[in-house]
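Peer 1: Quick one: this structure, given as structure tokens, is what I'll be asking you about.
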Amino acid sequence: MCLNKVRVAVNGYGVIGKRVADAVALQEDMALAGVADVVHDYRLQVAAQRGFAIHAATFEAEGTMRAAGLPLAGNLAELLAKADVVVDCTPKKVAAINKEVYAAAGVKSIFHGGESHALTGHSFVAQANYASAIGRESTRVVSCNTTSIVRTLGALRTAGLLKRARGTLIRRASDPWEAHAEGIINTLVPEKAIPSHQGPDARTVIPDLDVVTIAVKASHNSSHLHTWWVELTRPATRDEVLAAFRAAPRIAFVRSSDGLVALNSTVELMADLGRPRGDMWEVALWEDVLAVDGDQAYYTYQVFNQAIVIPETIDAIRALGGIESDPSASIARTDAALGLRHDFIHDRD
Ligand SMILES: NC(=O)C1=CN([C@@H]2O[C@H](COP(=O)(O)OP(=O)(O)OC[C@H]3O[C@@H](n4cnc5c(N)ncnc54)[C@H](OP(=O)(O)O)[C@@H]3O)[C@@H](O)[C@H]2O)C=CC1
Ligand SMILES: O=C(OP(=O)(O)O)[C@H](O)COP(=O)(O)O
């Protein structure tokens, strides 16, 4: 570590990588060593404008990036030489090949939800298992959907209320930047396997969760929506269930009565709040769409997939870097630096 700051490299400057780079730059205990990628279009040109040190991730990319006029600071090996931790944000299945490269360079590595649990043997959601990641060589920040599942079911579990949960995930078809290249129009596409992979994936973080998920791809690109039916350990009141969610980090209540009636409403709200890229890092849980009937609870929330894993990634860097042993302290530090809220409209604190 350098002057007690963890030096962080980001490999893959796409939807997740560019947000990780910005978030790292905001942390007082981290320094962004640079970013690497293989593309030379507007995405990396903007990174150059932001003053980030840009590296070519492959030999082939070096020539095309130079030819496009990108100010290259070096190759991937040179980036790794000035980093303590690398966050791999390359596309699914590319990342796995990189693991040995990182290990050989003596750099700790963080992967994302497109990779398997087996790649690192540890899957990360800060509020659930930060402590077991401290000092590890690598971990995997689970996907956006799985992160939301662990945050919300973890909240009910911490309150002693969770028996079993069944959820339906209505997934966005593509990310906005690539909507021209792939997408679904005027239909819904059920995922072929039940359970969909997110429920089992949540068990890589909390092994004893009784959870089943079904997923459907829909023809929008803004974010995901989950509906849940949860059997509680005992009859409870609506207020008790709300209190369990309120006590957990990174869950923000939204209300239809505030005009927040759909996925696009919160997307608009984030823009109005001046959030970078309109990002929502919190799970947005509809307070007035939550019902409890004896030992059965029903609720709905939104997962802004492009940003929800960013706070977790920052905490994972702190855990692997070994600079913070208290999970709550890391979560608080991350959330303050990024500006997470418990409620976007009303003062809940
Ligand atoms: N998108 C999302 O909402 C979420 C994604 N994730 C996970 O995050 C990870 C990254 O996904 P995402 O950000 O969406 O991916 P993107 O496709 O948006 O970005 C990946 C970037 O890495 C580049 N790249 C391709 N090959 C290499 C390589 N060999 N070395 C370096 N860079 C390379 C890509 O270039 P090119 O475009 O040419 O391929 C692209 O610029 C995945 O594991 C994904 O599952 C997790 C939560 C949410
Ligand atoms: O939206 C995502 O990726 P995608 O490009 O596979 O749709 C997030 O990584 C969530 O993926 P998940 O559906 O595996 O939880």
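Peer 1: Is it fair to say GLY14 is away from ligand 1 (no atom under 14 Å from the Cβ), more than 17 Å from GLU312 (Cβ to Cβ) and surrounded by fewer than 24 Cβ atoms within 10 Å (Cβ to Cβ)? Spell out the reasoning first.
Peer 2: Values: away from ligand 1 (no atom under 14 Å from the Cβ): no; more than 17 Å from GLU312 (Cβ to Cβ): yes; surrounded by fewer than 24 Cβ atoms within 10 Å (Cβ to Cβ): yes.
No: the conditions fail for GLY14.
Peer 1: All but one of (1) more than 16 Å from ligand 2 (Cβ to nearest atom); (2) under 19 Å from SER330 (Cβ atoms) hold for ALA33, so report the exception by its number.
Peer 2: (2)
Peer 1: Further, regarding this structure: Any residue in segment 222-230 that is touching a helix residue (DSSP H, G or I) at 6+ places or on another chain (Cβ under 8 Å), assigned by TED's automatic domain parsing to the domain that holds VAL150 and modelled with pLDDT under 95?
Peer 2: Yes, segment 222-230 contains a residue that is touching a helix residue (DSSP H, G or I) at 6+ places or on another chain (Cβ under 8 Å), assigned by TED's automatic domain parsing to the domain that holds VAL150 and modelled with pLDDT under 95.
Peer 1: Inspect segment 284-300 for any residue being within 15 Å of the chain's Cα centre (by Cα) and within 22 Å of THR146 (Cβ to Cβ) and give the result as yes or no. Quick ask: steps written out before the conclusion?
Peer 2: Applying the first criterion (within 15 Å of the chain's Cα centre (by Cα)) to segment 284-300 yields 284.
Then keep just the ones that are within 22 Å of THR146 (Cβ to Cβ); that gives 284.
Yes, segment 284-300 has at least one match.
Peer 1: Residues that are modelled with pLDDT of 95 or more and surrounded by fewer than 21 Cβ atoms within 10 Å (Cβ to Cβ): list the strands (runs of 3 or more DSSP E) wholly contained in segment 40-149 that include at least 1 such residues.
Peer 2: 72-75
Peer 1: Still on this model: Does PRO249 count as modelled with pLDDT of 95 or more, assigned by TED's automatic domain parsing to the domain that holds ILE149 and touching a Pro at 6+ places or on another chain (Cβ under 9 Å)? If you could, list the steps in order and put the result at the bottom.
Peer 2: Numbers: modelled with pLDDT of 95 or more: yes; assigned by TED's automatic domain parsing to the domain that holds ILE149: yes; touching a Pro at 6+ places or on another chain (Cβ under 9 Å): yes.
Yes, satisfied.
Peer 1: Let me ask something additional. Looking at segment 315-337, can you tell me whether even one residue there is closer than 30 Å to GLY106 by Cα, within 16 Å of ligand 2 (Cβ to nearest atom) and in the same structural domain as GLY17 (by TED's automatic domain parsing)?
Peer 2: Yes; the residues of segment 315-337 include at least one that is closer than 30 Å to GLY106 by Cα, within 16 Å of ligand 2 (Cβ to nearest atom) and in the same structural domain as GLY17 (by TED's automatic domain parsing).
Peer 1: A follow-up question, please. Identify all residues within segment 131-149 that are of a type in the set (Lys, Arg) and more than 16 Å from ligand 2 (Cβ to nearest atom); write none if there are none.
Peer 2: Across segment 131-149, the qualifying residue is only ARG136.
Conditions (1) farther than 29 Å from ILE331 by Cα; (2) away from ligand 2 (no atom under 16 Å from the Cβ); (3) of a type outside the set (Asp, Glu), marked per residue:
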site: ARG19; (1), (2), (3): no, no, yes
site: ASP37; (1), (2), (3): no, yes, no
site: GLU78; (1), (2), (3): yes, yes, no
site: ALA95; (1), (2), (3): no, no, yes
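Peer 1: Follow-up. Quick one: in segment 207-224, which of the residues that are aliphatic (A, V, I, L, M) and more than 15 Å from PRO176 (Cβ to Cβ) is surrounded by the fewest Cβ atoms within 10 Å (Cβ to Cβ)?
Peer 2: VAL216
Peer 1: How many of the residues in segment 21-39 are among the hydrophobic types (A, V, I, L, M, F, W, C), near ligand 1 (Cβ under 9 Å from one of its atoms) and buried (at least 24 other Cβ atoms within 10 Å of the Cβ)?
Peer 2: Matching residues across segment 21-39 total 1.
Peer 1: Check ALA179, ALA155, ALA173 and return the single one that is in contact with a Lys or Arg (Cβ under 7 Å, 6 or more places away or on another chain), under 30 Å from ALA218 (Cβ atoms), not assigned by TED's automatic domain parsing to the domain that holds THR58 and not basic (Lys, Arg).
Peer 2: Only one candidate qualifies: ALA173.
Peer 1: Could you list all residues from segment 89-123 that are within 8 Å of ligand 1 (Cβ to nearest atom) and touching a strand residue (DSSP E or B) at 6+ places or on another chain (Cβ under 9 Å)?
Peer 2: CYS89, THR90, VAL94, ALA95, ASN98, PHE111, HIS112, GLY113, GLU115
Peer 1: What single numbered condition from (1) more than 16 Å from ligand 1 (Cβ to nearest atom); (2) at pLDDT 95 or above fails to hold for ASN186?
Peer 2: Only one criterion in (1) more than 16 Å from ligand 1 (Cβ to nearest atom); (2) at pLDDT 95 or above is unmet by ASN186, namely (2).
Peer 1: Among the residues of segment 263-285, which ones are among the polar types (S, T, N, Q) and crowded, with 19+ Cβ neighbours inside 10 Å?
Peer 2: THR266
Peer 1: Given the options ALA297, ALA252, name the one that is surrounded by 15 or more Cβ atoms within 10 Å (Cβ to Cβ), within 30 Å of ALA133 (Cα to Cα) and out of contact with any Cys (no Cβ under 9 Å at 6 or more places or on another chain).
Peer 2: On inspection, the qualifying residue turns out to be ALA252.
Peer 1: Also: Between a residue in segment 79-94 that is at positive phi and any residue that is surrounded by fewer than 24 Cβ atoms within 10 Å (Cβ to Cβ), which pairs come within a Cβ distance under 9 Å, given they are 6 or more apart or on different chains?
Peer 2: The qualifying pairs are LYS93/GLY114; LYS93/GLU115.
Peer 1: A further question follows. Can you go through ASP258, ASP288 and tell me which one is more than 16 Å from ligand 2 (Cβ to nearest atom), loosely packed, with under 14 Cβ neighbours inside 10 Å, modelled with pLDDT of 95 or more and of a type outside the set (Gly, Ala, Ser)?
Peer 2: Answer to the check: ASP288.
The values are calculated or read from the model by the stated rules, or taken from the named source; none is laboratory data. Here the structure is a predicted model, which is why all the values come from computation and not from measurement. Counting neighbours? That spans all protein chains shown, and the Cβs are built from the backbone with ideal geometry, glycine included.
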